[in-house]
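Comments concern the structure below.
The numbers here are math on the coordinates, done by the rules we state, and not lab data. Nothing here was measured: the structure is a model prediction, and the numbers come from that model. Counting neighbours? That spans all protein chains shown, and the Cβs are built from the backbone with ideal geometry, glycine included.
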Amino acid sequence: MTPRPVVESLFRDNGDGSARLIGGFCRACNRPHFPRGEVCPYCSSESCEERELGPGGALWLFTSVLRSPPGYRGEVPYGFGVVDLDEGLRVVARLTESKLERLARGQRMRLVVDHLHTDDDGRPVTTYAFAVDDGT
Ligand SMILES: [Zn+2]
């Protein structure tokens with residue numbers, strides 16, 4: 001069955017395992033934002049356009065989630081962190097790596113499509129996540 005994204009219009013699945021966030025860019029203050037909004041969260045201008053963000057960034061904060069949050073249907077543990085995108089935007093996201101000893105502040109990360117869980121119809125559900133960018 002074809003996978004479906006957990007939320008429509010948050011990210012683009014490139015079909016090769018890589019992903020881009022679907023963000024917005026404000027033409028008034030020249031700043032990107034995520035998720036995309038019609039109104040700029042910084043200056044309230046309505047002159048925002050869609051812009052893909054990623055795939056590269058640097059890890060800023062991270063932790064490992066050991067127990068399932070309410071409503072969460074995926075596997076644990078999983079990594080969770082904050083990544084500074086190369087476009088100058090800080091985003092909170094799932095990390096594919098959950099072992100803290102394999103993560104470090106400033107580490108290069110890249111956006112990927114990650115399997116989240118399987119829905120009641122047996123269909124795989126995907127989300128975006130950051131993986132350690134080992135240069136391969
Ligand atoms: Zn703005």
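How long is the gain from GLU38 to ARG108 if the chain were fully straight, where each residue apart is worth 0.36 nm and the alpha carbon distance is subtracted?
Details: separation 70, 0.36 × 70 = 25.20 nm, distance 3.04 nm.
Here the answer is 22.2 nm.
Once the dipole of the chain is set up with Lys and Arg at +1 and Asp and Glu at -1 on Cβ about the Cα centre, which of PHE62, ASN14, GLY135 lies farthest towards its positive end?
Of the listed residues, the answer is PHE62.
Cα centroid distance between the range 86-133 and the range 1-49, in Å?
Answer, in whole Å: 17.
I'd like the GluC sites (Glu not before Pro) in the range 61-120 restricted to DSSP loop residues with at most 11 other Cβ atoms within 10 Å, sorted by number.
GLU75
Sticking with the crude label model, points 7 Å out along Cα→Cβ, report the distance from ARG73 to CYS29 in nm, one decimal please.
Placing both labels 7 Å beyond Cα along the Cβ direction yields 3.8 nm.
Count neighbours as other Cβ atoms within 10 Å of each site's Cβ, and list the chymotrypsin sites (Phe, Trp or Tyr not before Pro) in the range 39-136 that are DSSP loop with at most 14 such neighbours.
Filter output for the range 39-136: TYR42, TYR72.
Could you order the peptides 32-41, 109-118 from most to least packed, using the average number of other C-beta atoms within 10 Å per residue?
Descending packing order for the listed peptides: 109-118, 32-41.
Run the paramagnetic zone check for SER18: 7 angstrom along Cα to Cβ, then residues of the range 96-136 with backbone nitrogen under 17 Å.
Zone members listed by number: 108-114, 128-136.
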